[in-house]
Amino acid sequence: EMGNSNNGGSSFTLKFNGYFQEIELCPSAPDTIYAVRRVPYTNVAQTKTWYRMEFLYATAFGNGIWYGLPAGWPSAPTTDSLTTMLRAEISVTPAAPRTVYALVTGTANGGSGLYGIYKSVDRGASWTFQCCGAGPGGPASLTNPNPMGYATDGSGEGAQQDYNVALSVDPTNVNKLQLGGIMRWVSTNGGASFTCPAGWTESGSPSYIHSDVQDIRQYGSDIWVACDGGIYYSNDGGTTFNKRVNG
């Protein structure tokens, strides 16, 4: 559920029901929020629970509107028994306050792991598919890479789809994104493509971080990554990382 507090968290007022996965504040309007809610939907196969994501744009901390499934936002088809969404991470940046990115994971079109990278330049009113391949989903390959998998070239299927999922946009460069799955991936072209600076076994690399990324936060050129190995820190925009786990 989602609620808001006007007294520092001593009490909350319920605004929306549901299973919320993500909340972000609009950089230029702190009383405006974006959120993602995961909801079950009816599918042709009824042997398990299937999910899709809905996107929320709200003002005054809840006195707003659901976009639900705005134009271009991924909508799992009810005619495909193998399509489901598991997670959606969204990220915003002061460098372009109207822009919102979304990393969606799940299964679609015979592939699993990355469902798609999506971008909005109008505060979530409409979205465009950025990556990877023709999308959404599809079997992983060199032309349809899956950055959620184990392979540094994106050719591996599946892997992280639910828990170890992270996305962060650079605070000064709207086209530079940090993505987390098994490993950290970087895009410098607005999410159209990604590269992996260091594999999960390449502990000798200066840009190495431990596997299974849960969160990425950026402040200027500082990047903090939370993963199964603890906390990793970079003060040069991600070129080099150091552990911050002692104590």
_Given a 1.4 Å probe and heavy atoms of the protein chains only, how would you sort 36, 121, largest accessible area at the top?_
121, 36
*Relative contact order (%) - criterion: Cα under 8 Å, at least six apart; region: region 188-240*: 25 percent
*When the distances between all Cα atoms of region 152-205 are binned every 10 Å from zero, what whole-number percent does each bin get?*
23, 53, 24, 1
*Return one whole number: the accessible area per residue of the chain in Å², for a 1.4 Å probe.*
44 Å²
*Most mobile of 124, 68, 181 in a GNM of the chain (Cα contacts under 10 Å)*: 68
*Tell me, for the chain, which Cys residues have no other cysteine's C-beta sitting closer than 4.7 Å.*
26, 196, 227
*Taking only C-alpha pairs under 8 Å that are 6+ residues apart, what is the relative contact order of region 134-247 in percent?*
17 percent
_Rg and Dmax in Å for region 106-247, alpha carbons only: what are they?_
14.6, 46
*Protein chains only, probe 1.4 Å: how do 168, 205 rank by accessible area, largest first?*
205, 168
*How much of the accessible area of region 96-236, in percent, comes from carbon and sulfur atoms when a 1.4 Å probe is used?*
50 percent
*Taking Cα pairs under 8 Å and at least six residues apart, what relative contact order does the chain come out at, in percent?*
10 percent
*Mind checking which of 18, 72, 191 has the largest fluctuation in a GNM of the chain, springs on alpha carbons under 10 Å?*
18
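The values are calculated or read from the model by the stated rules, or taken from the named source; none is laboratory data. Please read all numbers here as calculations on a predicted model, not as lab measurements. Backbone-built Cβ (ideal geometry, glycine too); neighbour counts: all protein chains shown. The protein model used for the area step is the full one, side chains on, heavy atoms only, and it has no ligands, DNA or RNA in it. Shrake-Rupley method; radii C 1.70, N 1.55, O 1.52, S 1.80 Å.
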